[in-house]
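Everything below concerns the one structure shown next.
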Amino acid sequence: MNKVVSHIFLAVLLLSITACKRHLNGPNYIKYITDEKNGLNKMVQIGDWEFEMLYKPSDYIMYMESKGDKQYDWNTRSKNLTGTVWFNISFKRKSADVSPLKYNVSSLEEYNMRLNYFLNYAPKDIALLYGKDTIKPMSYLFETNYNLTPQETMVVGFDLPGRPEAPQKDMQLVYYDQVFKNGFIKATYSIESIDKAPRLNK
Amino acid sequence: MNRPLIRTLVFCVLLNIITGIVVYRIVSHLNKKTAVVDVIQLCDQYNLKKELEAHEKVKLEAINAQLDSIANKFRMAQATKNTEEANKLGNAYGYLKTQLQNEYNQGNKEINEQIWKRLNPILEEYGKRHELHLIIGANGMGTVLYNDEYFDITKDVIKYVNKKYEQGS
């Protein structure tokens, strides 16, 4: 009888250990999320272009927003983010010698047209495949850096059907790059990688 | 154990290790092989190409619809003997037809450039991973006249490049 009880106790203990998510402090958490090996940050190299497609869990977003803000309302923000998923799509030249907005641009008009595309029209070329659903962005922001760095970033958010607390299925982010003629760029995030991600130690 | 005996033993062990490494290098070098990929099949079954073509098709169909509409108006103008209108429409039809052809050619060129920009590094990576000396592209133009299945890795390569494309790594 004692043996049975000890086996059950061991099984419960093992289950509770595996069910509990690992918690990491801020810098280690960011390191984990951005580390390619953990499957949440995908790098796609096409010719001389580098695309980085980062899935940002809500903890990641909140940690970045709260930096240095002691009044940050974690609970309200967490509720706002429920049911949504967010990504960064960054791109740059491999040599990092010129801003993508200026690359091969022959006139100011062409530069403005490119900037205008990224400010206003790029979302129509972005989609998220979530299970069998194809979702268009509900929010989009082009993080213009005024050519201070040779990398540009698009921040894009999607509403998940049913608004679950966390994604329940594999996700595939698709961006159709018509500007630099790189075609479709895809990044798949498996549910295993998403589930395996630690939580932030707030 | 005396010192000379230990020295001889160490020497023998080292010699064995070196011989082992040399033999391993030679054998692994000999195991490297040449493989053949059917380039047409590879391109046709590359998901990126299928998707780019589907996207291009929408654009071409829009121009084609315009072309059909002008052709109908042109026929009507001819039937009603409205020469001036028929001439105008004839010119517009010629212009649009050239535009369609140009769009088609340009689209094909861009698709080819885009898929080879992606395929080249993936094929290089595949070759290194599978320790191949050489990958020959068979394209139906007579570069490879015959190869048996032993050398044909087309199916495996198609699977590999599509996995890379879909996963984004």
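Results, tabulated for the structure shown:
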item: A:SER99, sole failed condition from (1) crowded, with 18+ Cβ neighbours inside 10 Å; (2) within 14 Å of another protein chain (Cβ to nearest Cβ); result: (2)
item: Single residue of A:ASP97, A:ASP125 found to be acidic (Asp, Glu), farther than 30 Å from A:ASN201 by Cβ and modelled with pLDDT under 95; result: A:ASP97
item: Test result for B:LYS88, outside any helix (DSSP H, G or I) and free of Cβ contacts under 8 Å to residues at least 12 places away in the same chain; result: no
item: Strands (runs of 3 or more DSSP E) lying entirely in the stretch A:87-170 (those with 2 or more residues that are closer than 22 Å to A:THR34 by Cβ and β-branched (Val, Ile, Thr)); result: A:151-159
item: Helices (runs of 4 or more DSSP H) (entirely within the stretch B:1-84) containing at least 1 residues that are of a type in the set (Ser, Thr, Tyr); result: B:3-31, B:47-79
item: Unique residue being of a type in the set (S, T, N, Q), more than 11 Å from chain A (Cβ to nearest Cβ) and either surrounded by 15 or more Cβ atoms within 10 Å (Cβ to Cβ) or closer than 18 Å to B:HIS55 by Cα (or both) when the list is B:ASN108, B:ASN87; result: B:ASN108
item: The stretch B:126-169, residues that are in a helix (DSSP H, G or I), without any contact (Cβ under 8 Å) to a residue 12 or more places away in the chain and under 15 Å from A:GLN45 (Cβ atoms); result: B:GLN167
item: Criterion violated by B:TYR165 - all others in (1) within 11 Å of chain A (Cβ to nearest Cβ); (2) among the hydroxyl-bearing types (Ser, Thr, Tyr); (3) out of contact with any Leu (no Cβ under 8 Å at 6 or more places or on another chain) satisfied; result: (3)
item: Within the stretch B:33-63, tally of residues that are surrounded by 13 or more Cβ atoms within 10 Å (Cβ to Cβ), away from chain A (no Cβ under 14 Å) and under 23 Å from B:LYS159 (Cα atoms); result: 10
item: Hits in the stretch A:147-173 (condition: hydrophobic (A, V, I, L, M, F, W, C) and buried (at least 19 other Cβ atoms within 10 Å of the Cβ)); result: A:MET154, A:VAL156, A:PHE158, A:LEU160, A:MET171, A:LEU173
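The values are calculated or read from the model by the stated rules, or taken from the named source; none is laboratory data. Please read these numbers as outputs of a predicted model, since none were measured by experiment. We place every Cβ from the backbone using ideal geometry, glycine too, and count neighbours over all the protein chains shown.
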